[in-house]
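Inspection log for the structure reproduced underneath, given as structure tokens.
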Amino acid sequence: MKKYNIIPLLIFCLLAGNSTAQEVLSINDAIQLALTNNHNLKAVAVNKEQAENNATAGNAGLLPSVTATAGAEYSNNDTEMEFMNTGAPEGSDNRMTLDNAASTSYDANVRMDYVLFSGNGNRFTLNQLRESATLEDLRFKQEVENTILQVVEGFYDISREQENLNIAKETVVTSNRRLERLHSRYLLGQTNKLEVLNAEVDLNSDSTSYLQTEQAYYNSIRKLNVVIGADINTIYEVNPDFEFLSGLTADNVLDKAMTENLSLLAQYKQEDITELDLKITKSQRSPTVSTYAQYGYSRMNNDAGQVLYNENLGLTAGVTMSFNVFNGHQQKRTEQNARLNVIAQKENTLQLTKELERDVMDAWFDYDYKQKIAKMEAKSMEQAELNFTQTKEQYELGQVTSIDFRTAQTNLQTAKSRLNDALYQAKVAEYSILQLSGDLLNQVNGQ
């Protein structure tokens, strides 16, 4: 009989070891931690910042470019020169030889170049850069939404495993009391050894389930720690909120999705960018008119040659025009491809609109049914609790068997687990609805 006492002792030690107070995390706290610490989100934020940096008039070619250059050069050579005979007496020496003839030159200038006209291509380019920055901002918000959904799924998964752990703990305690009761009755000769053995088997099974549930609980915490950027071994409890939003209807969700869904807004923006790309391509048919102005200084000293000294200081300015007369029909092909890109993006927008409408309706019915299932599971749990309470009373009075008691206990455990899972599924579905309707960020900021 001593052998049988080991299992309850181990279980109670295990339960006592997990009863210490831990930090409690709310869903809003978890989301804020992720928005601050998530590494994927920080990487996408870099792309957003780069796009904002690129959306400038200077990057689009609307501002003049100014360059300053300066240089100096020195040379030392042995030089031999022969001059043309320009009427000198015949036989005169027209050659000159200089050893170590030095030559120095200096120059410095400031030049400004500016494109006066290029078919408004630079203006279209600036608009395209700005639209690209807006697109990256939408993509960043999409990543924020995806991160929030990861937090929600991880948070409520912890909540589910946390409640399952509590259910498993209650089951182990109840099974242990049942075994103790049967053992006492067996010593008094009021029951047989078979019932005691069955109770031992049930306790072992419940103990194993507890350990498996505890493992799943800690795994779910580590999974969320990666998303929120916490230390991987941080342990905490969660404080879930299973109050569902009121006033949600399928029509309202669909209307919001058609105007505020980030994926659709990003596609609209991509369509605008391709249209601007077509305008930029068409602008290349126009002539390009540019102007330049340069103010510079140069000086040259030369020991050999007819000009021994030369110095210049002054302003130079000019206007140039270039026009593409023919480039092997490349302009025509580029415009054709740009038009095809516009058509393709319009078709992508139509396809995405239909898919979004389908996804919204699927998500709505999924949310609606999961809420109904959660309500039904709540009623089932109430019935299972009532059944277990009555069965327990009758069992203590000896009016039902140990097997009947075990059946009621198992039914209650199953009912609680199913309700727990149903609440998890319904809450995650609610957040998916908010994402599709483009209202997720507003909801989070309003918490």
(message) Just to be sure I understand the filter: pairs with C-beta atoms under 9 Å, separated by 6 or more residues or on different chains, first member in segment 288-304 and over 28 Å from Val319 (Cβ atoms), second member surrounded by 15 or more Cβ atoms within 10 Å (Cβ to Cβ) and modelled with pLDDT of 95 or more. Which pairs pass?
(response) none
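Any residue in segment 304-311 that is assigned to a strand (DSSP E or B) and either surrounded by 11 or more Cβ atoms within 10 Å (Cβ to Cβ) or aromatic (Phe, Trp, Tyr) (or both)?
Applying the first criterion (assigned to a strand (DSSP E or B)) to segment 304-311 yields 309-311.
Checking the rest, the ones that are also either surrounded by 11 or more Cβ atoms within 10 Å (Cβ to Cβ) or aromatic (Phe, Trp, Tyr) (or both) come to 309-310.
Yes.
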(request) Determine whether segment 170-177 contains at least one residue that is surrounded by fewer than 19 Cβ atoms within 10 Å (Cβ to Cβ), at pLDDT below 95 and hydroxyl-bearing (Ser, Thr, Tyr). (result) no
(request) Could you tell me whether segment 136-147 includes any residue that is of a type in the set (A, V, I, L, M, F, W, C), touching a helix residue (DSSP H, G or I) at 6+ places or on another chain (Cβ under 6 Å), closer than 18 Å to Asn219 by Cα and part of a helix (DSSP H, G or I)? (result) no
(message) Tell me whether segment 249-256 contains one or more residues that are touching a residue at least 24 places away in the same chain (Cβ under 8 Å), surrounded by fewer than 16 Cβ atoms within 10 Å (Cβ to Cβ) and of a type in the set (D, E, K, R).
(response) no
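Quickly run through segment 366-377 and pick out the residues that are touching a helix residue (DSSP H, G or I) at 6+ places or on another chain (Cβ under 6 Å) and of a type in the set (A, V, I, L, M, F, W, C).
Ile373, Ala374
Which of the residues spanning segment 328-343 are touching a residue at least 24 places away in the same chain (Cβ under 8 Å) and either outside any helix (DSSP H, G or I) or small (Gly, Ala, Ser) (or both)? Step through it out loud before you land on a result.
Residues of segment 328-343 touching a residue at least 24 places away in the same chain (Cβ under 8 Å): 331, 334-335, 338-339, 341-342.
Listed by number, the list holds a single entry, Ala338.
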(request) Six or more apart or on different chains, Cβ under 6 Å: which pairs go from a residue in segment 412-430 that's closer than 15 Å to Phe365 by Cα and touching a residue at least 24 places away in the same chain (Cβ under 8 Å) to one that's among the polar types (S, T, N, Q) and assigned to a helix (DSSP H, G or I)? Could you list them? (result) Ala426/Gln371
(request) Might you check whether a residue that is more than 30 Å from Tyr186 (Cβ to Cβ), among the β-branched types (Val, Ile, Thr) and surrounded by 16 or more Cβ atoms within 10 Å (Cβ to Cβ) occurs anywhere in segment 422-441? (result) yes
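Could you identify the single residue in Ala363, Ala344 that is in contact with a helix residue (DSSP H, G or I) (Cβ under 7 Å, 6 or more places away or on another chain) and either over 13 Å from Glu271 (Cβ atoms) or surrounded by fewer than 17 Cβ atoms within 10 Å (Cβ to Cβ) (or both)?
On the way: Ala344 fails: in contact with a helix residue (DSSP H, G or I) (Cβ under 7 Å, 6 or more places away or on another chain).
Just one listed residue meets the conditions, Ala363.
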(message) Quick test for you: out of Gln294, Gln284, pick the one residue that is polar (S, T, N, Q) and in contact with a Gly (Cβ under 8 Å, 6 or more places away or on another chain).
(response) Gln284
(request) Only residues that are in contact with a Ser or Thr (Cβ under 6 Å, 6 or more places away or on another chain), of a type in the set (Asp, Glu) and under 30 Å from Gln162 (Cβ atoms): list them for segment 180-210, please. (result) Asp202, Asp206
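The values are calculated or read from the model by the stated rules, or taken from the named source; none is laboratory data. Bear in mind that the values here come from a model prediction, so they are computed numbers and not experimental data. Neighbour counts are summed over all protein chains in view; Cβ atoms, including those assigned to glycine, are modelled from backbone coordinates with ideal geometry.
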